[in-house]
Amino acid sequence: MAKENVLHVYSEIGKLKKVLLHRPGKEIENLTPDLMDRLLFDDIPYLKVAREEHDIFAQTLRDNGVEVVYLEDLTAESLTDDDIKEEFIDEFIKEASINSRKKRELVKEYLLSFSTNREMIDKMMEGIRKEEIKDYKKVSLVDMIESDYPFIVDPMPNLYFTRDPFATIGSGISLNHMKTITRNRETLFSKYIFKYHPMFKDIEIPFWYNRNEDTSIEGGDQLVLSEKVLAIGVSERTEAASVEKLARRIFNNGEKFEVVLAFDIPKKRAFMHLDTVFTMVDYDKFTIHPEIEGPLTVYSLRKGEKKHNLVIEKETMELSDILKKYLNLDKVTLIRCGNGNKIDAGREQWNDGSNTLAIAPGEVVVYSRNHVTNRLLEEHGIKLHVIPSSELSRGRGGPRCMSMPLIREDISW
């Protein structure tokens with residue numbers, strides 16, 4: 001199979017052909033109010049309804065010609081022999097920070113007891129409660145001090161936001177180093193998929209970034225604006241040093257990309273990633289949260305004359321002019337979340353009104369609850385696929401956050 005048929009993303013808006021999702025699992029029901037800060041949640045979704053909403057999301061994509069694959073299925077299918085499975089379990093246990101040899105042995109024995117790889121993967125994602133391992137005993141000072149903590153292995157409730165652990169950029173992958181330990185464990189599943197899954201194992205995939213790096217970058221900050229231009233947010237979750245590393249590797253690997261636009265956005269949870277405040281919905285149309293326009297600074301990174309050198313410049317124009325310049329457009333329309341109204345924009349931004357998933361130029365998936373922004377998108381000629389969102393939105397991520405495109409059709413400018 002040709003490489004471009006396995007991983008191929010050279011825009012945000014090209015017709016979406018294949019996408020990776022994760023259907024919310026029992027990890028959501030392992031959230032408690034006391035654990036929300038630790039696990040990066042602000043609320044607890046109701047799993048039954050969250051799954052119903054997610055199934056509608058997936059079916060909306062299928063109805064529009066998109067092949068949907070699931071993280072949990074691909075990971076299970078990647079464990080093609082006992083050696084790979086044991087390697088995966090050992091690495092998972094190591095990263096779960098289990099603090100004694102005896103407990104690590106008990107957890108490994110427990111994971112190996114599942115009759116199928118898929119059941120085991122579901123349990124890894126769900127988390128392991130102390131009560132589930134019958135021979136577990138409080139055998140250390142840590143256990144005695146943390147006797148009220150209910151888990152041996154923490155749940156991974158952020159997994160349904162498949163955008164963040166890795167990003168498809170061109171014909172390669174940025175296997176991200178996540179900002180928090182809680183989320184960096186998620187990237188282990190992607191590592192094994194790209195290393196061992198039959199779909200990828202015989203393909204030489206370039207990696208623009210790797211999960212063992214010492215600075216963080218997350219997929220919500222990585223946007224492919226065109227075959228020549230990337231936009232990467234410098235945010236609460238992505239460091240400036242990571243943007244430079246990724247730019248150097250892409251520029252020196254024969255890809256078409258010529259410039260990286262680094263968007264320096266406010267470092268706060270409401271603006272967690274670039275795609276929570278800015279997404280591309282058509283050739284010349286973008287959603288934006290009005291509160292970032294003032295403090296936003298954009299830098300351009302280009303390949304220098306010598307290998308691994310970068311030419312970095314601070315852009316002094318307005319954002320619309322920067323986009324016109326680098327995307328070679330006559331005009332750019334910035335569609336402001338909540339129509340720029342302070343109350344409507346604040347509320348709908350919190351519910352990811354700016355976080356849209358384009359499935360074709362001028363055609364996007366949006367959350368139903370953001371009705372002010374949705375009406376504005378329609379007034380600008382954007383075709384909407386509206387999905388229910390009362391529970392999915394509680395995780396603070398929208399349709400783009402919940403999807404990782406693997407293949408998009410090329411677009412002509």
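Within region 120-130, is even one residue open to solvent by 20 Å² or more (accessible area, probe 1.4 Å), closer than 27 Å to Arg163 by Cβ, at pLDDT 90 or above and not in a loop (DSSP other than H, G, I, E, B)? Spell out the reasoning first.
As a first pass, look at region 120-130 and keep what is open to solvent by 20 Å² or more (accessible area, probe 1.4 Å): 122, 126, 129-130.
Within this subset, residues satisfying the condition of being closer than 27 Å to Arg163 by Cβ are 122, 126.
Within this subset, residues satisfying the condition of being at pLDDT 90 or above are 122, 126.
From the residues that got through so far, the ones that are not in a loop (DSSP other than H, G, I, E, B) too are 122, 126.
Within region 120-130, one or more residues are open to solvent by 20 Å² or more (accessible area, probe 1.4 Å), closer than 27 Å to Arg163 by Cβ, at pLDDT 90 or above and not in a loop (DSSP other than H, G, I, E, B).
Can you name the number of the only condition in (1) on the phi > 0 side of the Ramachandran plot; (2) in contact with a His (Cβ under 7 Å, 6 or more places away or on another chain) that Thr60 fails?
Only one criterion in (1) on the phi > 0 side of the Ramachandran plot; (2) in contact with a His (Cβ under 7 Å, 6 or more places away or on another chain) is unmet by Thr60, namely (1).
State which residue is farthest from Phe194 (Cα to Cα) when the search covers only region 65-83 and only residues that are open to solvent by 30 Å² or more (accessible area, probe 1.4 Å) and touching a residue at least 12 places away in the same chain (Cβ under 8 Å).
Gly65
Those residues that are polar (S, T, N, Q), open to solvent by less than 40 Å² (accessible area, probe 1.4 Å) and more than 18 Å from the chain's Cα centre (by Cα), I need them from region 235-256; list them, please.
Of all residues in region 235-256, those polar (S, T, N, Q) come to 235, 238, 242, 252-253.
This time we only want the ones that are open to solvent by less than 40 Å² (accessible area, probe 1.4 Å), so: 235, 238, 242.
Of everything in region 235-256, nothing turns out to be polar (S, T, N, Q), open to solvent by less than 40 Å² (accessible area, probe 1.4 Å) and more than 18 Å from the chain's Cα centre (by Cα).
In region 207-220, what residues are assigned to a loop (DSSP other than H, G, I, E, B) and either out of contact with any helix residue (DSSP H, G or I) (no Cβ under 8 Å at 6 or more places or on another chain) or open to solvent by less than 10 Å² (accessible area, probe 1.4 Å) (or both)? Break it down into steps so the answer makes sense when it comes.
First pass over region 207-220, keeping only residues assigned to a loop (DSSP other than H, G, I, E, B): 210-218.
Hits for region 207-220 are Asn210, Asn212, Asp214, Ser216, Ile217, Glu218.
Looking at region 47-59, which of the residues that are over 27 Å from His197 (Cβ atoms) and among the acidic types (Asp, Glu) is most open to solvent (accessible area, probe 1.4 Å)?
Checking each candidate, the answer is Glu52.
Quick check on this structure: which one of Ile28, Ile44 is open to solvent by less than 10 Å² (accessible area, probe 1.4 Å) and among the aliphatic types (A, V, I, L, M)? Quick ask: steps written out before the conclusion?
Working: Ile44 fails: open to solvent by less than 10 Å² (accessible area, probe 1.4 Å).
It is Ile28.
Which number in (1) in contact (Cβ under 8 Å) with a residue 40 or more places away in the chain; (2) open to solvent by 70 Å² or more (accessible area, probe 1.4 Å); (3) of a type outside the set (Lys, Arg) marks the one condition that Asp34 misses?
(1)
Any residue in region 169-177 that is open to solvent by less than 40 Å² (accessible area, probe 1.4 Å) and out of contact with any helix residue (DSSP H, G or I) (no Cβ under 9 Å at 6 or more places or on another chain)?
First, the residues of region 169-177 that are open to solvent by less than 40 Å² (accessible area, probe 1.4 Å): 169-176.
Of the ones still in play, those that are also out of contact with any helix residue (DSSP H, G or I) (no Cβ under 9 Å at 6 or more places or on another chain) are none.
Taking every residue of region 169-177 in turn, none turns out to be open to solvent by less than 40 Å² (accessible area, probe 1.4 Å) and out of contact with any helix residue (DSSP H, G or I) (no Cβ under 9 Å at 6 or more places or on another chain).
Which of the residues belonging to region 351-379 are part of a loop (DSSP other than H, G, I, E, B) and more than 19 Å from Leu223 (Cβ to Cβ)? Quick ask: steps written out before the conclusion?
Quick first cut of region 351-379, residues part of a loop (DSSP other than H, G, I, E, B) only: 351-356, 361-362, 368-370.
Once the filter is applied, which keeps residues that are part of a loop (DSSP other than H, G, I, E, B) and more than 19 Å from Leu223 (Cβ to Cβ), region 351-379 yields Asn351, Ser368, Arg369, Asn370.
Could you run through region 178-204 and say how many residues are in contact with a strand residue (DSSP E or B) (Cβ under 9 Å, 6 or more places away or on another chain) and open to solvent by 20 Å² or more (accessible area, probe 1.4 Å)?
Looking only at that region, the number is 2.
Taking the condition modelled with pLDDT of 95 or more and assigned to a helix (DSSP H, G or I), does Leu223 pass?
On the way: modelled with pLDDT of 95 or more: yes; assigned to a helix (DSSP H, G or I): no.
Taking the combined requirement at face value, the residue does not satisfy it.
Tell me yes or no: at least one residue of region 261-268 is among the charged types (D, E, K, R), assigned to a strand (DSSP E or B) and open to solvent by 10 Å² or more (accessible area, probe 1.4 Å).
Restricting attention to region 261-268, the residues satisfying the condition of being among the charged types (D, E, K, R) are 264, 267-268.
Now narrow it down to the ones that are assigned to a strand (DSSP E or B): 264.
If we keep only those that are open to solvent by 10 Å² or more (accessible area, probe 1.4 Å) too, we end up with 264.
Checked region 261-268: at least one residue is among the charged types (D, E, K, R), assigned to a strand (DSSP E or B) and open to solvent by 10 Å² or more (accessible area, probe 1.4 Å).
Where the second residue is surrounded by fewer than 13 Cβ atoms within 10 Å (Cβ to Cβ) and the first is in a loop (DSSP other than H, G, I, E, B) and lies in region 305-322, which pairs have Cβ atoms under 8 Å and are six or more apart or on separate chains?
Lys307/Asn252; His308/Asn252
Being within 22 Å of Glu186 (Cβ to Cβ) and open to solvent by less than 40 Å² (accessible area, probe 1.4 Å) is the filter; apply it to region 104-116 and report the residue that is farthest from the chain's Cα centre (by Cα).
The extreme case among them is Val107.
Would you pick out the residues in region 300-335 that are open to solvent by 90 Å² or more (accessible area, probe 1.4 Å) and of a type in the set (Lys, Arg)?
Of the residues in region 300-335, the ones open to solvent by 90 Å² or more (accessible area, probe 1.4 Å) are 302-303, 305-308, 313-314, 316, 318, 325, 328, 330-331.
Answer for region 300-335, where residues must be open to solvent by 90 Å² or more (accessible area, probe 1.4 Å) and of a type in the set (Lys, Arg): Arg302, Lys303, Lys306, Lys307, Lys314, Lys325, Lys331.
Filter region 281-304 for residues that are in a strand (DSSP E or B) and over 18 Å from Phe257 (Cβ atoms) and give the result. Steps first, please.
Just the residues of region 281-304 that are in a strand (DSSP E or B), to begin with: 281-282, 285-288, 297-303.
Across region 281-304, the qualifying residues are Val281, Asp282, Lys285, Phe286, Thr287, Ile288, Thr297.
Go through (1) touching a strand residue (DSSP E or B) at 6+ places or on another chain (Cβ under 7 Å); (2) surrounded by 15 or more Cβ atoms within 10 Å (Cβ to Cβ); (3) not hydrophobic (A, V, I, L, M, F, W, C) and name the single condition Arg62 misses.
Against the list (1) touching a strand residue (DSSP E or B) at 6+ places or on another chain (Cβ under 7 Å); (2) surrounded by 15 or more Cβ atoms within 10 Å (Cβ to Cβ); (3) not hydrophobic (A, V, I, L, M, F, W, C), Arg62 comes up short only on (2).
In the list Ala50, Ala58, Ala76, which residue meets the criterion of being in contact with an Asp or Glu (Cβ under 6 Å, 6 or more places away or on another chain) and not in a loop (DSSP other than H, G, I, E, B)? Steps first, please.
On the way: Ala58 fails: in contact with an Asp or Glu (Cβ under 6 Å, 6 or more places away or on another chain); Ala76 fails: in contact with an Asp or Glu (Cβ under 6 Å, 6 or more places away or on another chain).
Every option except Ala50 fails the conditions.
Test of understanding: among Tyr209, Tyr192, which residue is touching a residue at least 12 places away in the same chain (Cβ under 8 Å), at negative phi, of a type in the set (Phe, Trp, Tyr) and touching a His at 6+ places or on another chain (Cβ under 8 Å)?
Unique residue meeting the criteria: Tyr209.
Of everything in region 79-93, what is out of contact with any Lys or Arg (no Cβ under 8 Å at 6 or more places or on another chain) and assigned to a loop (DSSP other than H, G, I, E, B)? Give them in sequence order.
Thr80, Asp81 - these are the residues of region 79-93 that are out of contact with any Lys or Arg (no Cβ under 8 Å at 6 or more places or on another chain) and assigned to a loop (DSSP other than H, G, I, E, B).
The values are calculated or read from the model by the stated rules, or taken from the named source; none is laboratory data. Remember, predicted model here, so these are calculated numbers, not experimental data. Please note: Cβ atoms are built from the backbone with ideal geometry, for glycine as well, and neighbour counts cover all protein chains shown. Please note that ligands, DNA and RNA were not included when accessible areas were found on the heavy atoms of the full protein model with its side chains. Shrake-Rupley method; radii C 1.70, N 1.55, O 1.52, S 1.80 Å.
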